Amino acid sequence: MKLFRQLVVIGLLIAAFLAIDFSIYQFVIKRYQNHISEGMQAKSIELAEYLPFDENSKVVRVETDVQLTGDLPVLDGAAALYPIFSAVADAVYPQDSVAFDGRSFTADSALQFHNTRGSYQAIVDGTADLIICAKPSKEQLAYAKERGVELELVPIGNEAFVFIVNSENPVDNLTLEQVRGIYSGRYKSWAEVGGDNYRINALQRNEGSGSQTRMLSFMGEEPMKKDPLGFLGRSIGFSFRYYVSGIVENSGVKMLSLEGVYPSKENIVNGTYPIVNAFYAVYRKDDPNPNIPILIEFLLSEEGQRIVEESGYVPIR
Amino acid sequence: MSERMFKTTILTVIALGLLSVIALVAYAYYIQPDSSIIAYIANGR
């Protein structure tokens, strides 16, 4: 009998640790695992798939008489908008101005990729001349001001800001009030917004990323809160439409309609989707590079806007 | 099973159990920076 009790205690102890290990796997590790390439993990986008001048590239190609020479502006920008600035390099830059080592662009390449945070730092520090990004965050503007740099933002296209959930989440639509309520902590359960009885895990992005900046602006004065036990429930996150539907294309997530309107390209154009924002070509006002006005003119031209549209976004003109 | 052997077995199970938890948490921290919000939502609920 004593041996039986001892074996039960040992068995229960092993079962308890197995339960803890399983929970860590189920609620943490399994969710962190990316079933995507190393390149995608490192850069948020597969740079090689949209390389300029590469015949197998997915990059949009347009015919134009504009060809830059001389002091070439260094291009950089957000992951979600990389297909655009890569297509711009393909259209108007000399082929030998772009160098890619298989993982990143080399230091002397006129095309660079540092994502939104890195790009805003690069343009202020002077290592990039023109970046394609969403609006800068307060911190990024403060950094520019601190360095005495004034930024010029030229809108070149529109994009929908979207909310995403697991494709098995029964919720397909939220109102703007519900989204604010979820992120401010007023709604804690999906059941309160038409879903099933799971906690809401409202995910945020890194400070300074384009989508986090947009989300903070959407929330206005309402502070965002996190439910420490949210990981036990169903998640919601935010991003930009084409990054979700065109670049990542993960069938495990779906975009939500807002106020009954799905974030389709048509609904961005007809103005019915409620959160649409411009994205910008950004440069320093004091940058004397004569190719910058040429690039801006090209981006707003018929060919430049065709790059925006055929890359999957909505042109500004 | 003698009392001494029982205690040793319990301590061994606890040590191995804690080790497995630490290893899993360390692995989670290791892969966390490469995780994307989209993958996190798709892999969970």
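No value in this document is a laboratory result; all are computed from the given coordinates. Remember, it's a predicted structure, so these values are computed and weren't measured experimentally. Quick reminder, even Gly has a Cβ in these numbers, built from the backbone with ideal geometry, and neighbours come from all protein chains shown.
First select every other residue whose beta carbon is under 13 angstrom from the beta carbon of A:GLU146; then total the charges, Lys and Arg +1, Asp and Glu -1. Charge balance near A:GLU146 sits at 0. The relative contact order of chain A, computed from alpha carbon pairs under 8 Å that lie at least 6 residues apart in sequence, is 22 percent. Dipole orientation for the protein assembly as shown: of the candidates A:ALA107, A:LEU258, A:LEU141, A:LEU258 has the Cα lying most toward the positive pole (charges on Cβ; Lys, Arg +1; Asp, Glu -1). Over all directions, the projected convex hull of the C-alpha atoms in chain A averages 21.0 nm² in area. Applied to segment A:179-196, the Karplus parametrisation 6.51 cos²θ - 1.76 cosθ + 1.60 on θ = phi - 60° returns per-residue 3J(HN,Hα) values of 4, 4, x, 5, 6, 8, x, 5, 9, 10, 10, 4, 4, 6, 10, x, x, 8 Hz, with x for Gly and Pro. Computed over chain A with a Gaussian network model linking Cα atoms closer than 10 Å, the most mobile of A:VAL60, A:VAL269, A:VAL124 is A:VAL269. Note on A:LYS265: aspartates and glutamates with a C-alpha under 20 Å away, same-chain residues under 8 apart excluded, are A:GLU159, A:ASP172, A:GLU249, A:GLU302, A:GLU303, A:GLU309, A:GLU310. Can you give the FRET efficiency for A:GLU249 and A:LEU153, using 1/(1 + (r/R0)^6), R0 = 35 Å, r = Cβ-Cβ distance, to the nearest 0.05? Computed FRET efficiency for A:GLU249 and A:LEU153: 0.75. Each of A:ASN289, A:ALA278, A:GLY304 was scored by the projection of its Cα onto the charge dipole of segment A:265-317, and the greatest displacement toward the positive side belongs to A:ALA278; charges sit on the C-beta of Lys, Arg, Asp and Glu.
Straight Cα distances below 27 angstrom link A:LYS188 to the lysines A:LYS30, A:LYS225, A:LYS226, A:LYS254, with same-chain residues fewer than 8 positions distant left out.
When the helices of chain A are scored as -39500 (n - 2.57) per DSSP H run of n ≥ 4 and the total is divided over every residue, the value at 222 nm lands at -9500 deg cm²/dmol. The tail of the calculated P(r) for chain B, taken as Cα-Cα distances beyond 18 Å, holds 55 percent of the pairs.
Cut-off 14 Å, label point 7 angstrom out along Cα-to-Cβ of A:LEU3: give me the residues of segment B:6-37 whose amide nitrogen falls inside. Of the residues in segment B:6-37, B:6 have backbone N under 14 Å from the label point off A:LEU3. Straight-line cross-link reach from A:LYS138 at under 19 Å between alpha-carbon atoms covers these lysines, not counting any fewer than eight positions away in the same chain: A:LYS285. Please give the residues of segment A:111-131, grouped as numeric ranges, whose backbone N is less than 12 Å from a label point set 7 Å along the Cα-to-Cβ vector of A:ALA99. Label zone hits: A:111.
About its Cα centre, the dipole of chain A is roughly 2020 debye, where the only charges are +1 on Lys and Arg Cβ and -1 on Asp and Glu Cβ. Each residue of segment A:19-28 was assigned a 3J(HN,Hα) from its phi angle through the Karplus curve 6.51 cos²θ - 1.76 cosθ + 1.60 (θ = phi - 60°); the sequence is 5, 5, 4, 5, 5, 4, 5, 5, 9, 10 Hz, with glycine and proline shown as x. Which net charge results for the neighbourhood of A:THR175, defined as the other residues with beta-carbon distances under 14 angstrom from its beta-carbon, given Lys and Arg at +1 and Asp and Glu at -1? That works out to -2. Using a Förster radius of 56 Å, what is the FRET efficiency between B:ALA15 and A:GLU168 based on their Cβ-Cβ separation? Nearest 0.05, please. Calculated value: 0.90. Given a 10 angstrom Cα cut-off, can you work out which residue in A:PRO52, A:PRO263, A:PRO293 is the most mobile in a GNM of chain A? Highest fluctuation of the listed residues: A:PRO293. Here the gap between A:ASP21 and A:GLU259, fully extended at 0.36 nm per residue and compared with their Cα-Cα distance, gives a gain of 81.6 nm. Note down the Stokes-Einstein diffusion coefficient of segment A:68-146 in µm²/s, whole number, using a Kirkwood radius over alpha carbon pairs, 4 °C, and 1.567 mPa s. Translational diffusion coefficient: 101 µm²/s. Taking the DSSP beta bridges with both ends in the protein assembly as shown, the antiparallel portion is around 75 percent. Can you tell which of A:GLY220, A:VAL62, A:GLY233 lies farthest toward the positive end of the dipole of chain A, using +1 and -1 charges on the Cβ of basic and acidic side chains (Lys, Arg; Asp, Glu)? The listed residue farthest towards the positive side: A:GLY233.
A Cβ-based charge dipole, computed about the Cα centre of segment A:45-91 with Lys and Arg at +1 and Asp and Glu at -1, lands at about 100 debye.
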